[in-house]
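Please read the structure below before turning to the comments.
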Amino acid sequence: MRKDEAMSDPESNEPATPPRLRPVVRAMIWATVPVLLLVQLLASAGVEASSFWSQIRQLDARMVRVAESRAELIAEPLWKMRYDQVTGVLNEIMHDETIAAAAVYDDTGAVIARVVARSESPSIAEVSRPIHYSNGNMAAVQAGRIAIAYSHAALYADAGSRLVLLLVVGLLATFATLIAMRISANIFIGRPLAVMMSAIQRSKQDGRAYPAEVTSSNEFGQLARAFNAMQYTTSGALDRLGHMAAHDPLTGLPNRRSLTERLAVASRDGGRPDALVAFCFIDLDDFKGINDTFGHEAGDEFLVQISQRLRTSVEAEDWVARLGGDEFVVIRPEVSNEASAHAFAQQVLAAISEPIRLHDKQVVPRASIGLAVRRADDPELSHLPTLADIALYHAKSKAPGTVAVLDEALQRDYRRRRDLELAIPAGFAEGQFEVWYQSQVDLESHEVVGLEALIRWRHPDHGVIGPAEFLPLIERSGNNARLTRYVLTDACWALQRLAAAGRPQIRIAINLPPSELADHSLAAELRATCARFDVPASLLELEITEGSLINNIASASATLHRLRRLGATIALDDFGTGYSSLAHLRRFPLDKVKIDKAFISEIPGSAEDKAIVGVIASLAGTLGLTLVAEGIERAEQATAMREMGVRFGQGYFYQRPQPLDAVLQWLERRPVAESRILADSPPIAPEFA
Amino acid sequence: MTRFLRIWLAAGMACGVFASAGPSLAKPLDIVFVNPGKTGEVFWDMVAQTMQAAGRKLDAHVEVLTSERNYRTMQELGLGVVARHDKPDFLILSNEESAAVPILEAAEAAGVKTLLLSNTLIGEDAVRLGPPRQKLKTWLGDITTDLQTAGARMANALIRTARDEKWQSPDGKIHLLGIGGDEITPASIARNAGLKLAVDAAPDVVVDRLLFANWTQSEAEQVTTNYLGWASRKQIRPAGIWAGNDPMALGALRAVVAAGLAPGRDIQLVGLNWSEDALREIRAGRLLLTDGGHFLLGGWSIVLLRDYADGCDFAAASPHVEVKTSAITRQNLGSVGDLIKTRAFDRIDFARFRARAGRCGHYDFSLDALISSLPVPEGAAD
């Protein structure tokens, strides 16, 4: 179970919280592209800055050269006072757009020529150089100086536009890189991942191995090859797991889990639509006994042999499964009619029933078979196990070792049983269970000495239901204790009312189911309940059956002793029908024996019954046990019983079981002979001592 | 009076005819002059006019072709003359900017005799072609002016005046401005060298600048203005301006006046060329002197060629004939002023300047000789 949970967990979680997919390609792009862009921009800016400074230096150097070359050209006209030529030479340099202004001064410092660019630019730098004049006749003299003012603005503008260009180129390059990364990542990463993912998805659907078709030789190719190898390994393991999950490890037969699938297959692939499917539900009788007698290993061996027999006794198209424990199923997918299905079941049963050697001892297996037959296209085909189980239940409970065929009656019973069983909790909750009381009468005095509490179920649909029908359901549904306490409480309440009605001497008998004898808490509950209703426990009588004593002798004995110590009396019910072990009468602390009505009904006609009752009466008298005759319906029966020494009687002759109110009214109408009854009452008290 | 003059003239003419016929049999000469100057350019016009006046006196037909200051045109004209079917007897060229060299060589090939006037071969050409009549047999020689002496004479006149007037600057020196025409023409170089020669000999004199004005009045005015401004900023008192020719002297004069100086009283200027305008300024006392008279080279060249054609070769003394110039001041202005003003060069008796027999190559082209060759004007006679 836990394994199942573990296996189903991931699958069940997946649709509940689908994790948001974050593609690795996008994550890679987000991780790399901003860095790339930043580095590119920084590198471009760095290169551009260094180029800019170098250009600034070059411009400065060029301006120095311009100044010096102009100084050479200007020296002669300046010296020779051809100032118009000086201006002309100076004007020529104004073609250079970086030059903002230029001026020539003579040796007196007077401005000889000055030119200014049309547009005034900021960021002015200036270079000034002396003008030296010399000729062949005279040494060099300083004729004046030249000054040039120039602007870096053009360089700034150029650098700015180049930066913008670099930015644009950088962005384009980044964009191209992004697309290239996107495409290549899709080819080299996304596609292999998708192929593997698709293989996984397909594999998840049917558990088979689907190789991922990645042929590249890179890491993804290796991963895919490893993945494929792993898939084959996993798929093999899954196949083995699947087989194990669908088969019984002991016998190798398909298990309960396979049954559902097999039925689905039968319904789907059933040959002719009017073909019948025969479903045999087999339960080995007394397999527990074999385990207890020969040990569990032999029990397993026994099951293996049975399974082999089942397999060999059926045709190839038949299907055999072990559902667990000693339960087997055999399905014949095509039978012509119900009779041949029954014959097939009989054949299977015969095969099982051949003797088996276990520990050198012959063991004859016994099994019951529930047979259900349905048409292959029956929509209820999946209910075949349940239906066969109903038949099996019937077989086991009514005729073990036989084949029971499911019919309408069985189904009706089953449905009623199922309805009642399902209605038990509602029955308790809504007080549908009623306790009726039937009087026990002193055969001599005709006085009412006690009442037997008898449970009835007033079902809203089925009317009043007798205990024989619903008590097994109560027991099976684990409600025995609850019902017992229910009856006990009602009985105590009834005792209270009897006392109030002036009948404090009347005792009430309660039937204890076998399971209650094993309940150590019963005695304490009984005392508590009596205390609650303020009635003495000695007014309670507890009726037990012989069967309940046999199943758990020690525990039952202890409980009975405890109950007796509280003052309650113990009556052995239905005496004569079960084991009727006389030893039981001696071994257990009994006060009363109730003779089963089977012995009473033929009296006084049957001499044998009279003899038996006579023996019982004689024995009881010897053992000091009080006798009660059940089922007295006629006056001559009462007379006969009295003559044979039976003290008390119970039956329709006196009173049918009735609800308490009716009983109280009935008692009301009867004369009270309190003193006589008391006087004639058997000495009960000493027995409690 | 008139009768007397007529008789004197007739006698003179007869004498002249006899005198010219004297040394040899006179043969009419055909002479072409390729004029490097422009029409209206005073100096070269006057060279051509004296040449033609001398031709008329010495039985030579002088054809003047004007190149209009374009050396390409000058070469085309010269080569055209050399290629003529009817070649002239002599071709007179001026080697301005060394443009006459190809013509000389072509004339050698064609057998046309050449004479260089005013500018002769210089530098590489002189080395390559050697002296006259060696490599180039038809190149007879050259007739030039001694302009260096002229330049020095002009400078010395300035220095003398400045010393007399005590026009020293605060540094105790006499500061002069020189204005040259250009730096490559031999005629210019010689004048400038004369200036330097004179100043070098005078320790109390300094030439602040030798400026160049392309021989033109306007440029001279411009540079003089610049100089005067500079000098005033330098606390210099300019004492004199030496100009390589009269137009530049007149330009400087205008600048001086514009600068608020009084020429002749505050500062002295000298020029060269004997131009009419210069003579007028001399008369007005604003120009100290104008040197020159070398336009007469035109007439003298015809004298040389007449003698050569008549068998009295000037190369007997030297193929290089150098003529001295003279200064016209207020003192001698009256003698030649009218001649120049009226360009009445026919008044000059060029035949008187021919070499004497046995003294071929020896000529007296001085101002005094010229003045004495002129008939006494009526006014002067009065």
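Derivation of every value follows stated rules applied to the coordinates shown; laboratory data play no part. Just so it is clear, the structure is predicted and the values come from calculations on it, not from any experiment. Positions of Cβ are backbone-derived with ideal geometry, glycine not excepted, and every protein chain shown enters the neighbour counts.
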*Run the numbers on the stretch B:148-292 and let me know its relative contact order in percent, using alpha-carbon pairs under 8 Å that are six or more apart.*
26
_Ignoring everything except DSSP H segments at least 4 long, calculate the 222 nm mean residue ellipticity for chain A; use -39,500 (n - 2.57) per segment, divide by total residues, nearest 500._
-18000 deg cm²/dmol
*Positive minus negative residues near B:Val207 (Lys, Arg vs Asp, Glu; Cβ under 12 Å)*: +1
*asked:* For chain B, compute Rg over Rh where Rg is the Cα radius of gyration and Rh is the Kirkwood radius from the inverse mean 1/r over Cα pairs.
replied: 1.00
*Label point at A:Asp292 placed 7 Å out along Cα→Cβ; residues across the stretch A:568-606 whose backbone nitrogen lies under 18 Å*: A:579
*Short version: ³J(HN,Hα) in whole Hz for each residue of the stretch A:378-383, in order, from phi by Karplus 6.51 cos²θ - 1.76 cosθ + 1.60 (θ = phi - 60°), x for Gly and Pro, what are they?*
5, x, 8, 4, 5, 8
*Sites B:Leu79 and B:Thr329 - FRET efficiency at Förster radius 41 Å, r taken between beta-carbons, to 0.05*: 0.40
*R0 = 30 Å: FRET efficiency of A:Leu250 with A:Thr386, Cβ-based, nearest 0.05?*
0.75
*Mind checking the dipole of chain A: about its Cα centre, +1 per Lys or Arg Cβ, -1 per Asp or Glu Cβ, Debye to the nearest 20?*
1680
*In the structure displayed, which of A:Lys80/B:Lys196; A:Lys361/A:Lys396; B:Lys173/B:Lys234 lie more than 20 Å apart, Cα to Cα?*
A:Lys361/A:Lys396
*By count of other Cβ within 10 Å, fewest leading, how are A:Leu241, B:Leu147, B:Leu93 ordered?*
A:Leu241, B:Leu147, B:Leu93
*For B:Lys135, which lysines qualify as cross-link partners when the Cα separation must be under 26 Å and same-chain residues fewer than eight apart are set aside?*
B:Lys87, B:Lys113
*At 0.36 nm per residue, minus the direct Cα-Cα distance, what do A:Val265 and A:Arg587 gain on full extension? Give it in nm, one decimal, please.*
109.9 nm
_Inter-probe distance in nm under a simple model that places probes 7 Å from Cα toward Cβ, at A:Lys398 and A:Ala180_ = 8.9
*Among B:Met74, A:Met138, rank each residue by its count of other Cβ atoms within 10 Å, from fewest to most, as a rough exposure measure.*
A:Met138, B:Met74
*Once you have a ≥ b ≥ c as the square roots of the Cα gyration tensor eigenvalues for the protein assembly as shown, tell me rounded if a/c is under 1.5, and otherwise prolate or oblate according to whether a/b is larger than b/c.*
prolate
*Beyond 26 Å, what share of the Cα-Cα pairs of the stretch B:148-292 remains, rounded to the nearest whole percent?*
11
*asked:* Give me the one-decimal nm value for the distance between modelled label points at B:Lys38 and B:Arg254, 7 Å along each residue's Cα-to-Cβ direction.
replied: 1.4
*Looking at A:Val116, A:Leu165, A:Ile179, which one has the Cα that reaches farthest to the positive end of the dipole of the stretch A:100-184 (charges on Cβ: Lys, Arg +1; Asp, Glu -1)?*
A:Ile179
_Rg/Rh ratio calculated on Cα atoms of the stretch A:313-368 (Kirkwood radius)_ = 1.03
*Pull up the cross-link candidates among the lysines for A:Lys597, meaning alpha carbon to alpha carbon under 22 Å and not fewer than 8 places away within one chain.*
A:Lys610
*For the stretch A:385-437, what log10 I(q)/I(0) values come out of the Debye formula at q = 0.15, 0.16, 0.30 1/Å, with one point per alpha carbon and no solvent?*
-0.54, -0.59, -1.10
*Could you work out how far apart the two model spin labels at A:Leu238 and A:Thr32 are, taking each label as a point 7 Å from the Cα in the direction of the beta carbon, and quote it in nm?*
3.4
*Tell me, what is the FRET efficiency for A:Val24 and A:Ala229 to the nearest 0.05, using R0 = 25 angstrom and their Cβ-Cβ distance as r?*
0.60
*Can you list the aspartates and glutamates whose alpha carbon is less than 20 Å from that of B:Lys27, not counting same-chain residues fewer than 8 positions off?*
B:Asp59, B:Glu63, B:Asp86, B:Asp89, B:Asp307, B:Asp310, B:Asp313, B:Asp349
_Paramagnetic reach from B:Ser218 (point 7 Å along Cα→Cβ, amide N under 13 Å) across the stretch A:72-103_ = none
*Among B:Ala157, B:Ser275, B:Asn245, pick out the residue whose Cα is farthest towards the positive end of the charge dipole of the stretch B:148-292, where Lys and Arg carry +1 and Asp and Glu carry -1 on C-beta, about the Cα centre.*
B:Ala157
*Select from B:Cys312, B:Val32, B:Leu296 the residue farthest towards the positive end of the dipole of the protein assembly as shown; place +1 on Cβ of Lys and Arg, -1 on Cβ of Asp and Glu, and compute about the Cα centre.*
B:Cys312
*Contour minus end-to-end for A:Ala316 and A:Ser198, with contour as 0.36 nm per residue of separation and end-to-end as the Cα-Cα distance?*
38.5 nm
*asked:* Just want to confirm a number: the relative contact order over chain A, from Cα pairs under 8 angstrom separated by 6+ residues, in percent.
replied: 7
_Dipole in debye (nearest 20) - the stretch B:225-291, about Cα centre, beta carbon charges: Lys, Arg +1; Asp, Glu -1_ = 360
*If you rank A:Arg670, A:Arg586 by fewest surrounding Cβ atoms within 10 Å, what's the result?*
A:Arg586, A:Arg670
